[in-house]
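The values are calculated or read from the model by the stated rules, or taken from the named source; none is laboratory data. Small disclaimer: the values here were computed from a predicted structure and weren't measured. FYI the Cβ positions are ideal-geometry reconstructions off the backbone, even for glycines, and counts take in every protein chain you see. The protein model used for the area step is the full one, side chains on, heavy atoms only, and it has no ligands, DNA or RNA in it. Shrake-Rupley method; radii C 1.70, N 1.55, O 1.52, S 1.80 Å.
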Amino acid sequence: MQDNSRSTTPRKAAGRGLSMAVSLTVALGFGSASAPAWSLDLLEAYEAALQEDASIRGTRAATDARRERVPQARAQLLPNVSASVSRNRNSLERTTPDFLGNSATTNLRYSSSTEALTLRQPIYRPFQAADYRQAQAQVDDANAILERELQNVAVRVSTAYFEAVLTSEQLALVLAQKAAYTTQLSAARKRLTAGVGTRTDIDEAQAALDLNLAQELEARQNVDFTRRQLQTLINRPVSSLAVLDPQKIQLAQPEPNRVEDWIARAEDSSPEIQSLKSQLEAARYEVVKAKAGHLPTLDLIAQLSRNSSDTANTVNSRSNNKLIGLQLNVPIFAGGFVNSQVRQALAEQERVGQALEGLRRDLGVRLHREFRGVTEGVLKVRALEQAVRSTEQVVLSNRLSYEAGSRTLLDTLNAEQQKSSAQRDLTQARFTYLISRVRLQALVGGSKSEVIEQINSWLKP
């Protein structure tokens, strides 16, 4: 009966220590106690980052700027109307010789004016036509870049969010270890006082506790750093985060369950692929623009003008002129400038084409990695869940054996460390699985919030 009493007391003390450690972790909060703070979940963090993240706001502004290329290029194909008005004061000195060899000088001062209204309508402008189509491709590229950044926001927010939650849970594990080591150190001292323990047990427990204190300091630093990373994205301090509920998480294989299908989806909808495809299209039109330097241009011109005293011979006279016609410009020789532009544009087209091929290969590798992160993550999480259950049983068995005298305190400390490592690995594996899901979806494009909303439903306040 006495032995059972000694074995139960350390377990209760360790349980109380773990409860105190978790309570202390919650009390730590996220952010400074003196500053306004927010409690949020993953979906709220994602929505805040969409509005506040400086990178995505800059990308939106860049996209708006590039969208103006289309109306600017279209304007070069539309009629151009201009008006001109001039008013002049003329002073003319004219000398006229007579038949006797004498000359007469006449000073004439008069005013002249010209008003003109001109309409120019491009009829055949191959350069401007190609520039308009190139502008459309460049806007498609800008939209794809914006979409890629929006997908990256989901990845960056999820990574920062779960890193913050992970460091908080790691701190809780360290504090739980601290409570257990403190209890074991107290129990070792009592056993030594009772004459059934050894000084070695006390030293081993004290050494484990001292090492734990260093780990606690590092864990607290990591908590502060990861909070600040998240705060940078959402532009607000955070007091607490919703944590993952192991009972809600659904460990499922990717759908579809073949990496080749994901690669095919990426070819159709990946914003990275779409961006480089648009860049390649723009490079093709740059070649067309360069070759247009060899081609003629044809414009329709209509003009209405009114002149008053426009020459010295028409002083005090007015004339109205209406003109309509075609203007043809034919390039003949430009010193090799156009040929050089064509070669340059072809080289740029080749560069973009090779970049697209390289991206396809690299994207396949990344998709394969994240696909395996999901498929193997399911197996790893389940294996570590079993490992945690096993290490918890090992801890309990070692405590009972130590109290019975068949195990040393070092065995108990090692069992505690093994359990803590298994719990830490399980937490890390769960978060790696979740991040792989987010990254896999981001690589192929599509809905940006669907996977975020699903993971958010697995959290608890």
Single condition Q170 does not satisfy, out of (1) surrounded by fewer than 21 Cβ atoms within 10 Å (Cβ to Cβ); (2) within 20 Å of V223 (Cβ to Cβ): (1)
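For segment 314-338, which residues satisfy the criterion of being in contact with a helix residue (DSSP H, G or I) (Cβ under 7 Å, 6 or more places away or on another chain) and open to solvent by 50 Å² or more (accessible area, probe 1.4 Å)?
Here is the first cut: in segment 314-338, the residues in contact with a helix residue (DSSP H, G or I) (Cβ under 7 Å, 6 or more places away or on another chain) are 331, 334, 338.
P331, A334, listed by residue number.
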Neighbours by Cβ (under 8 Å, 6+ apart or cross-chain): first from segment 65-87, within 27 Å of L146 (Cα to Cα); second among the β-branched types (V, I, T) and surrounded by 11 or more Cβ atoms within 10 Å (Cβ to Cβ): R66/V139; R67/V139; R69/V139; V70/V139
Candidates A130, A154, filtered to the one that is more than 29 Å from N222 (Cα to Cα), of a type in the set (A, V, I, L, M, F, W, C) and in contact (Cβ under 8 Å) with a residue 60 or more places away in the chain: A130
Pairs where the first residue, in segment 428-452, is part of a loop (DSSP other than H, G, I, E, B) and the second is open to solvent by 30 Å² or more (accessible area, probe 1.4 Å), C-beta under 7 Å, 6+ apart: G445/E147; G445/S269; G446/S269
Residue in segment 243-259 that is of a type outside the set (G, A, S), under 30 Å from Q423 (Cβ atoms), open to solvent by less than 50 Å² (accessible area, probe 1.4 Å) and in a helix (DSSP H, G or I) present: no
Per-region count, segment 40-80, residues more than 30 Å from L326 (Cα to Cα), in contact with a helix residue (DSSP H, G or I) (Cβ under 7 Å, 6 or more places away or on another chain) and open to solvent by 60 Å² or more (accessible area, probe 1.4 Å): 4
Filter result for T159 (closer than 30 Å to P271 by Cα, open to solvent by 20 Å² or more (accessible area, probe 1.4 Å) and part of a helix (DSSP H, G or I)): yes
Any hit, segment 275-294, residues being exposed (fewer than 13 other Cβ atoms within 10 Å of the Cβ) and of a type in the set (F, W, Y): no
Positions within segment 180-206 being of a type in the set (A, V, I, L, M, F, W, C) and surrounded by 22 or more Cβ atoms within 10 Å (Cβ to Cβ), in sequence order: A180, A187, A188, A205
Of residues in segment 145-156 being under 14 Å from Q274 (Cβ atoms) and open to solvent by 10 Å² or more (accessible area, probe 1.4 Å), the one nearest to the chain's Cα centre (by Cα): E149
Residue match in segment 300-313 (condition: surrounded by 15 or more Cβ atoms within 10 Å (Cβ to Cβ), out of contact with any Leu (no Cβ under 6 Å at 6 or more places or on another chain), at pLDDT 95 or above and not hydrophobic (A, V, I, L, M, F, W, C)): no
Tally, over segment 371-426, of residues that are charged (D, E, K, R) and buried (at least 21 other Cβ atoms within 10 Å of the Cβ): 4
Candidates A83, A116, filtered to the one that is open to solvent by less than 20 Å² (accessible area, probe 1.4 Å), outside any helix (DSSP H, G or I) and within 27 Å of V330 (Cα to Cα): A116
Enumeration of residues in segment 230-283 that are over 20 Å from R430 (Cβ atoms) and basic (K, R): R236, R258, R265, K277
Segment 119-144, residues that are farther than 22 Å from A302 by Cα and open to solvent by 60 Å² or more (accessible area, probe 1.4 Å): F127, R133, Q136, D140
